[in-house]
Amino acid sequence: MRRVKLLGLCLLILLLSMALVVGCGGNNGNDGGNGGNVEEQEPDEGQEQATVDPNYPDEAITYVIPFDPGGQSDVEARRQQPLLEEILGTSVVVTYKAGGGGAVGWSEMVNAKPDGYTMTGINIPHIILQPLSRDNAGYTTDQIEPVAFFQRTPVGLAVQKDSPFDTLEEFIEYATENPGAVTVGGSGTFSGHHIAAIEFEALTGVTMTYVPFTGAAPQMQAFLGGHVAAVMANSDALVKYEDSMKILAFGGTERFEALPDVPTFIEKGYDMIPSIDRGVGVPPGTPDEYKQVLSDAFMEIANNESLREQMTEQGFVPVAMGIDEAEAYLDAMTKTYTELLESLQ
Amino acid sequence: MLTNENIFSVFLLAVCAVAWNSLANVSYLGSFFPKVIIVVLAFFTIIQLVIGIKKPKHIKTFDGDRQIYMFAMLLGMIAYVALMPILGFLLTSMLFMAVFFWFLAEDRSPKSALKTTLLAVVVSTGFYTLFANVFLVPLPKGIFF
Amino acid sequence: MLENFIVALGNVFDPLSFFLMIVGLSAGIIVGALPGLTATMALAILVPFTFTMPPTTALMVLGGVYVGAIYGGCIAAILINTPGTPSSIATTFDGYPLTKKGKAEHALVAAAYSSSVGGLIGAVILLLFSPLLANVALKFGPPEYFWLAIFGLTIIATLASKSIIKGLIGGALGLLLGTIGISPIGGDMRFTFGFHQLQAGLQLIVALIGLFCIPEIFNMVERTADKAKINIYKSQKGVAWSVIKELSSKPMLLFRSAIIGAFVGIVPGAGGNIAALVSYNEAIRFSKKPEEFGTGIIEGVAAAEASNNSEVAGSLVPLLTLGIPGAAPAAVLLGALMLQGLRPGPELYTVFGEITYTFLISLIFANIALFFLGFYGSRYVARVINISPSYLAPLVVFMCVIGSYSIRNNMLDVYIMVLFGLIGYITRKLGYPPGPIVLGLILGSIAENGLVQAMLMGKASGNTLAMFFTRPISLVLIVMCIISALWPFISDKRQKKIEAMKKRQEGETHVN
């Protein structure tokens, strides 16, 4: 009997202490806030429609970055974080779920609760190319619900400073006469750089050797060290290392502000606008009202003058696409890339 | 001949076979490196197996005088992590620590059960608060917490 | 440049900044000591707190965190055989045996002293030679990375001195485990068996905790206290001074380790874990009593810790001059720099010179402060080991679980940790040391990336063999690989020759 009583006492202590912790600590590690009430409003799991809370957001929002800390997506998120907190009136917690070039983070996103309190950074063309090229990326492109796109990083082709090519034509001529001899460095397989190289090969008829690196930093390191002849690189890298390279062409409909002497691919007669776009998405099934709130917040930030200046200075193109524009853009890009990959099969 | 060592070597060879098979659909450049490694691994494992058969070394793997405690700990750990998504981090941690603080100790009186439960509660909640609120790690929530 | 220097010196000694740096240092040590939390995470968590600070203060704080976190890993490594950060893997080799001999404080003080000295040497190198060294980093292309990884693998020969075959098996197993995930070329999924979280591969820390920590916990539990042969830590007087005296009598050890650490740090992609392992290996090679390493000598701890702290400074070299991080924590620092409006490159030393020099000088003082913290704190920290196993074991399991989860907020990592724990226990008992397995895991991706990228480069140039075997730095590395792989056999022969010579001399003196 004594043993049973004691066991009961222990369990009681356990229960009481947990109630205390949860009651005071609140959910998901925010700073107090409304305590444990908010959870009850939404259903426990699945993609059902949650009942809409007019006070949204009233607890901390998690901003998931599907890459390692220190990368470009992280830097952008950090830029936005203080403004987001101000506009949304709640704390925004940046967490990282790196892996598979973003796939791990995105597969978690499509399985997460659509309660409006988790948003994940998304990147085009990654979210399009990964499900197309992998057996099981953990998600499909149409599961992704974009809320905004706020940055474009055009991709350009550059060669070594001491290389014999001064123009795109010379480069193409050499590559045509020596198929496979030109090494082009890029970040990742079936990534923005890779698809840019593929598109280039398809439009010009040349064959190059694409050498994938594990990120933009190793890619540029290999290029600056002279280990690859050319790179399909991000605009910010091109701007940063402008003096150590010759930039032959750039993606865009018009010339890039920071690189006024560089022709665009389109100018040269090749219909390609390679770029990597960054935005934010939410789990499928998130109520439209919540999506709108988030989207408006990001739009406000995207139109913030000083932020736009910072981005442009570092070599990025600020963009402001709200929900509808973002969805249309994603659909259009999906179509383009799907057709491109199919034409190569 | 049937020593623990040799059983393990055979196990490793089985792993090599499974790994080799699962690379069937992988492209040439994607499977080159792993295949080389599998060959190297199999090569050395076979050498080890041959040595182990010629000069059997009888290594006891489960021979501690309190070996049962180790198994209890192992099962406890497995239960702990298996239940975590269901019951939540806080509850499972408290249970695990309360049980094992008490179970592993020399003296197992009801009084010590009380002590261990309290200790488990304090430690769990302390670290939980630290990680959830300072390090901002969303620890798993279960159906209760 | 000189005026920047003087202004920077003034900045460093600004009371608030200095105080915050010490706070950062301490926070870093605590985070580093917790298994599963790495320096990268510590920095990622603390960067937002520095937004409101002026750039000089922010960088000083972050520098302190980085230095502290890399040092902090040694605490868990020494006390519970768990590398608190991957940089402390090599510290477990001699650190934990020292604890088992009751000399935990010796190990901790040795770690503090060597971390401090190593970090100082690294910081000075960073301050004076940065731009020169950055160019060396660039010369490392894919073939060089491949050979560097192979060189790292030759360390297996040292780590598995009892049974080379088992060491090689462990290494191959580690390499194979490292291939889990998406292949670098072709983007194929390998060995993921339907788990999409495995696309990223196995997390190194999860494997570390599983292979190093859990088996020790099982060992703790399965024997009664006296049979477990763990000596209680008894506080003795004068331990710290005796350790310092002993290490100071071997200055080359610390100096060589620091140089190795700095150079490994300079090569992007090679971090503190590799630096410490290479340094440990070289310490054995140059030692007069190599067989003592692994049994618990402070030289082992010193070699590992001096290099991993010096690697911190090394990783900043390519970061500050080229904007290419030398290691993962440096990548977070890059983000912080960019958010403060600082752009890596030559401008950092001229336009932003004041801020940069403040940062560099503050690293020197962070390492000095580290010494004091370690020196005085060690005797208290060492007492942790006296906690009875019945409390210590579940507590450590708890921390391992929370640590593994925190890496990616992913339960799968926790399951894998437990699985590795069981595997580690079995393999340890069967005579397979965990070092080679971990070495394979770390070096696998570096080796594969280097191999496949170099193969592509070779294909493009028409001569793959030349790509691997005719580049100057590659040749140097290949020679190093050969020497390193054959060393155990050469050193055996040398020993025998020396003994034979001694015998002959004795014979002669007898005759005379």
- Among the numbered conditions (1) assigned to a helix (DSSP H, G or I); (2) touching a helix residue (DSSP H, G or I) at 6+ places or on another chain (Cβ under 9 Å), tell me where C:Gly84 comes up short. (1)
- Message: Can you tell me how many residues within the range C:1-37 are in a loop (DSSP other than H, G, I, E, B) and either more than 19 Å from C:Ala330 (Cβ to Cβ) or in contact with a Leu (Cβ under 9 Å, 6 or more places away or on another chain) (or both)?
- Response: 6
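Okay, residues lined up against (1) part of a loop (DSSP other than H, G, I, E, B); (2) buried (at least 23 other Cβ atoms within 10 Å of the Cβ); (3) among the hydrophobic types (A, V, I, L, M, F, W, C):
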| site | (1), (2), (3) |
| --- | --- |
| A:Thr176 | no, no, no |
| A:Ala181 | yes, no, yes |
| A:Val184 | no, yes, yes |
| A:Ile195 | no, yes, yes |
| A:Ala217 | no, yes, yes |
| A:Gly226 | yes, no, no |
| A:Ala237 | no, yes, yes |
- Query: Taking into account only those residues within the range C:156-200 that are out of contact with any helix residue (DSSP H, G or I) (no Cβ under 8 Å at 6 or more places or on another chain) and away from chain A (no Cβ under 14 Å), which is surrounded by the most Cβ atoms within 10 Å (Cβ to Cβ)?
  - Reply: C:Ser163
- Item | the range A:77-94, residues that are of a type outside the set (Ser, Thr, Tyr), within 14 Å of chain B (Cβ to nearest Cβ) and not in a helix (DSSP H, G or I) | A:Val92, A:Val93, A:Val94
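Can you pull out the helices (runs of 4 or more DSSP H) entirely within the range C:407-512 that have at least 3 residues that are charged (D, E, K, R) and loosely packed, with under 12 Cβ neighbours inside 10 Å? Even if it seems obvious, please write down each step before you answer.
Details: elements: C:411-429, C:434-461, C:464-469, C:472-511.
Ranges flagged: C:472-511.
Select, from C:Leu339, C:Leu334, C:Leu319, the only residue that is within 30 Å of C:Asn4 (Cα to Cα), free of Cβ contacts under 8 Å to residues at least 24 places away in the same chain and within 14 Å of chain A (Cβ to nearest Cβ). Give the steps one after another, and end with the answer.
Values: C:Leu339 fails: free of Cβ contacts under 8 Å to residues at least 24 places away in the same chain; C:Leu319 fails: free of Cβ contacts under 8 Å to residues at least 24 places away in the same chain.
Answer to the check: C:Leu334.
Given the structure, is C:Ala306 under 24 Å from the mean Cα position of the chain (by Cα) and within 29 Å of A:Glu309 (Cβ to Cβ)?
On the way: under 24 Å from the mean Cα position of the chain (by Cα): yes; within 29 Å of A:Glu309 (Cβ to Cβ): no.
Taking the combined requirement at face value, the residue does not satisfy it.
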- Message: One residue is enough: does the range C:250-260 have a residue meeting the conditions under 20 Å from the mean Cα position of the chain (by Cα) and charged (D, E, K, R)?
- Response: yes
- Task: Could you grab me the full set of residues in the range B:36-65 that are loosely packed, with under 15 Cβ neighbours inside 10 Å, over 26 Å from C:Gly450 (Cβ atoms), facing chain C (nearest Cβ under 9 Å) and of a type outside the set (Val, Ile, Thr)?
- Result: B:Lys57, B:Lys60, B:Phe62, B:Asp63, B:Asp65
- Message: I'd like to know if the range A:95-104 contains one or more residues that are more than 10 Å from chain C (Cβ to nearest Cβ) and in contact (Cβ under 8 Å) with a residue 60 or more places away in the chain.
- Response: no
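Are any residues in the range B:22-35 at pLDDT 90 or above and more than 9 Å from chain C (Cβ to nearest Cβ), and if so, which ones?
From the range B:22-35, those at pLDDT 90 or above are B:33-35; that's our starting set.
B:Lys35 - this is the single residue of the range B:22-35 that is at pLDDT 90 or above and more than 9 Å from chain C (Cβ to nearest Cβ).
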- Considering each of B:Met70, B:Met84 in turn, give the residue that is at the interface with chain C (Cβ under 8 Å from one of its Cβ atoms) and in contact with an Asp or Glu (Cβ under 6 Å, 6 or more places away or on another chain). B:Met70
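Say we look at the range A:43-70 and pick out the residues that are part of a loop (DSSP other than H, G, I, E, B), within 14 Å of chain C (Cβ to nearest Cβ) and touching a helix residue (DSSP H, G or I) at 6+ places or on another chain (Cβ under 7 Å); which of these is modelled with the lowest pLDDT? Give the derivation first.
Here is the first cut: in the range A:43-70, the ones part of a loop (DSSP other than H, G, I, E, B) are A:43-60, A:66-70.
In the following step, the residues that additionally are within 14 Å of chain C (Cβ to nearest Cβ) were identified as A:60, A:66-70.
If we keep only those that are touching a helix residue (DSSP H, G or I) at 6+ places or on another chain (Cβ under 7 Å) too, we end up with A:66-70.
On the way: A:Pro66: 91, A:Phe67: 88, A:Asp68: 82, A:Pro69: 81, A:Gly70: 78.
Step by step, filter the range A:43-70, then rank; the result is A:Gly70.
Any residue at all in the range B:89-101 that is in contact (Cβ under 8 Å) with a residue 40 or more places away in the chain and more than 10 Å from chain C (Cβ to nearest Cβ)? Quick ask: steps written out before the conclusion?
Narrowing the range B:89-101 to residues in contact (Cβ under 8 Å) with a residue 40 or more places away in the chain: B:89-92.
Narrowing further to those that are more than 10 Å from chain C (Cβ to nearest Cβ): B:90-91.
Looking for residues that are in contact (Cβ under 8 Å) with a residue 40 or more places away in the chain and more than 10 Å from chain C (Cβ to nearest Cβ), one finds at least one in the range B:89-101, hence yes.
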- Note on the structure: Just one listed residue, out of A:Ser91, A:Ser133, is among the hydroxyl-bearing types (Ser, Thr, Tyr), touching a Gly at 6+ places or on another chain (Cβ under 9 Å), within 26 Å of A:Thr209 (Cα to Cα) and surrounded by fewer than 22 Cβ atoms within 10 Å (Cβ to Cβ), and it is A:Ser133
- Select from the range C:245-255 the residues that are touching a residue at least 12 places away in the same chain (Cβ under 8 Å) and surrounded by fewer than 18 Cβ atoms within 10 Å (Cβ to Cβ) and list them in ascending order. C:Glu246, C:Lys250, C:Met252, C:Phe255
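Can you find even one residue in the range B:121-128 that is at negative phi and within 20 Å of the chain's Cα centre (by Cα)?
Checked the range B:121-128: no residue is at negative phi and within 20 Å of the chain's Cα centre (by Cα).
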- Among the candidates B:Gly76, B:Gly52, which residue alone is without any contact (Cβ under 8 Å) to a residue 60 or more places away in the chain, assigned to a helix (DSSP H, G or I) and in contact with an Asp or Glu (Cβ under 7 Å, 6 or more places away or on another chain)? B:Gly52
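Name every residue in the range C:186-219 that is assigned to a loop (DSSP other than H, G, I, E, B) and of a type outside the set (Val, Ile, Thr), in order of residue number. Lay out the reasoning, then the answer.
The first filter runs over the range C:186-219 and keeps only residues assigned to a loop (DSSP other than H, G, I, E, B), leaving C:186-188, C:191-195, C:201-203.
Correct list: C:Gly186, C:Gly187, C:Asp188, C:Phe191, C:Phe193, C:Gly194, C:Phe195, C:Gly201, C:Leu202, C:Gln203.
The values are calculated or read from the model by the stated rules, or taken from the named source; none is laboratory data. Small disclaimer: the values here were computed from a predicted structure and weren't measured. Using ideal geometry, Cβ is built from the backbone for each residue, glycine included, and neighbour counts are taken over all protein chains shown.
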